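A quick write-up on the structure given underneath.
The values are calculated or read from the model by the stated rules, or taken from the named source; none is laboratory data. Please read these numbers as outputs of a predicted model, since none were measured by experiment. So basically every Cβ, Gly included, is an ideal-geometry build from the backbone, and we count neighbours across all protein chains shown.
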Amino acid sequence: MSTGPGADSAPVHRSTTTPREGKGTFSSLAVRNYRLFFTGAIVSNTGTWMARITQDWLVLSLTGSAAAVGITTALQFLPMLLFGLYGGVIADRYPKRRLLMISQGALGLCGLALAVLTLSGQVQVWHVYLIAFLLGMVTVVDNPARQSFVSELVGPGLLRNAVSLNSANFQSARLVGPAVAGVLIAGVGSGWAFLVNGLSFLAPLAALWLMRPAELHKVERAPRGKGQLREGLRYVAGRPDLIWPIVLVGFVGTFGFNFPIWLTAFSGEVFHVGAGTYGFLNTLMAAGSLAGALLAARRGSTRLRMLVIAAGVFGALEIAAALSPSFWLFALLLVPIGMVGLTVNITANSAVQMATDPVMRGRVMSLYMMVFAGGTPIGAPLLGWVTDTYGARVGFATGGALSLAAAAGIGLVLARVGGLTAVWAWRGGHPSLRFVPRARPERLATAA
């Protein structure tokens, strides 16, 4: 039977040449199919970051409102909130490679449509709103399919490493995309950045076409039937190791990841800099995010304790950046904010994927993405309004404070569920926080 790039119907099995377990930072790249996936994603992610930065700057230029930027972001993520779980059902039911070829093509067409409108001089803010919503509709299927497809590419032994490298890929593109977008906006206009983004989706389409389906890891697909959505929700509801990381990521994603609003507001209202410097700020954050992703790729385990601590540190750093008196201190703090924010995302993502049965992974990851990204339609307009009304510093600090409070509250819940108590101790001359099993009453009586 054919194993050519178009043979989706070929039988799938575990390749005997695929590494079973990650041995280094880049171990997943030893897998040919994942290498193609990774390479195509670098190109499209760069275009996506160019479009994101250009879109935010275009909306701010058309309206002069941080709240309008928040509305654009909200419209792009609103479909995930409304329909995200159905996207997971589709991802579990149909071949993911085929779904991704359709969704990546549709994303490219959206980018080209915005390019034509902008280059022709006809673009209006409602055009940007509409295309943002259409992008969100495609992402409803693309996100869970892409997230869960990674396990088919590399298998369970390399899954954690591949998830980290995917994030490193995304953040590497974030280093290049904003900088190129800033140059294009200042030099030839926004439309050319949108055009490059639309054409960039040819790379993942080619990568998906060139893959060898026979080397994919076999994953049982959910049969067509009723109640699959409810089945996925019941599955997560009965698993504290899934539900609490998802809840924490939901709070942080809703209130702590509204950087398009805050960075545009700080650039225009607080420090009075142009599009080039706005791109530079995004690049600094991406540099920290890339470092966080590469560090995560080296780690051999994923612990919920790290997730809680990282979320708390993330919120505290955002508050510190909001209060920064100078531009350069603000810019410097964006690096650790990016690093710790990526640590939160990767730790939660890999913990949830590793703990989920493969047949349920599409639905669980759709819930994860719905909570993480689907909260943006709530958080973005709300924090956009706070930013417009009370200023960029108050808006940024509010997002950080809510993330910090969520980390503290869910950390206490996890400790209680696990029967743990916090213990402070000195190790090597430094304070250390550990969670240890709570002593039972009989043990306390014996000790007494």
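Filter region 327-357 down to the residues that are aliphatic (A, V, I, L, M) and within 17 Å of LEU165 (Cβ to Cβ) and list them by number.
Scanning region 327-357 gives MET339, LEU342, ILE346, ALA348, ALA351, MET354.
Checking SER148 against (1) within 19 Å of the chain's Cα centre (by Cα); (2) without any contact (Cβ under 8 Å) to a residue 24 or more places away in the chain: exactly one of these is not met. Which one?
(2)
Being buried (at least 24 other Cβ atoms within 10 Å of the Cβ) and not small (Gly, Ala, Ser) is the filter; apply it to region 59-70 and report the residue that is farthest from SER366 (Cα to Cα).
Only one residue fits best here, namely VAL59.
Test each condition in (1) closer than 18 Å to TRP49 by Cα; (2) touching a Leu at 6+ places or on another chain (Cβ under 6 Å) for MET101 and report the one that comes out false.
Every condition holds for MET101 apart from (1).
Please work out if GLY177 is at pLDDT 85 or above and either surrounded by fewer than 22 Cβ atoms within 10 Å (Cβ to Cβ) or under 22 Å from PHE259 (Cα atoms) (or both).
no
Just to be sure, is VAL125 touching a Phe, Trp or Tyr at 6+ places or on another chain (Cβ under 6 Å) and under 24 Å from GLY70 (Cβ atoms)?
When the stated conditions are applied, VAL125 does not pass them.
Residue check: is ARG427 basic (Lys, Arg) and modelled with pLDDT under 80?
Yes; evaluated as a whole, the condition is true for this residue.
Please tell me if SER190 is among the hydroxyl-bearing types (Ser, Thr, Tyr) and either surrounded by fewer than 19 Cβ atoms within 10 Å (Cβ to Cβ) or under 20 Å from the mean Cα position of the chain (by Cα) (or both).
So SER190 fails the test.
Identify the residue in region 372-401 that is of a type in the set (A, V, I, L, M) and surrounded by fewer than 19 Cβ atoms within 10 Å (Cβ to Cβ) and, among all such residues, is nearest to THR73 (Cα to Cα).
Checked region 372-401; the qualifying residue nearest to THR73 (Cα to Cα) is ILE378.
Restrict the check to region 298-308 and report whether at least one residue is within 16 Å of the chain's Cα centre (by Cα) and touching a residue at least 60 places away in the same chain (Cβ under 8 Å).
Yes, because at least one residue in region 298-308 is within 16 Å of the chain's Cα centre (by Cα) and touching a residue at least 60 places away in the same chain (Cβ under 8 Å).
Looking only at region 386-396, which residues are farther than 18 Å from GLY253 by Cβ and either in a helix (DSSP H, G or I) or touching a Gly at 6+ places or on another chain (Cβ under 8 Å) (or both)?
ASP388, THR389, TYR390, ALA392, ARG393, VAL394
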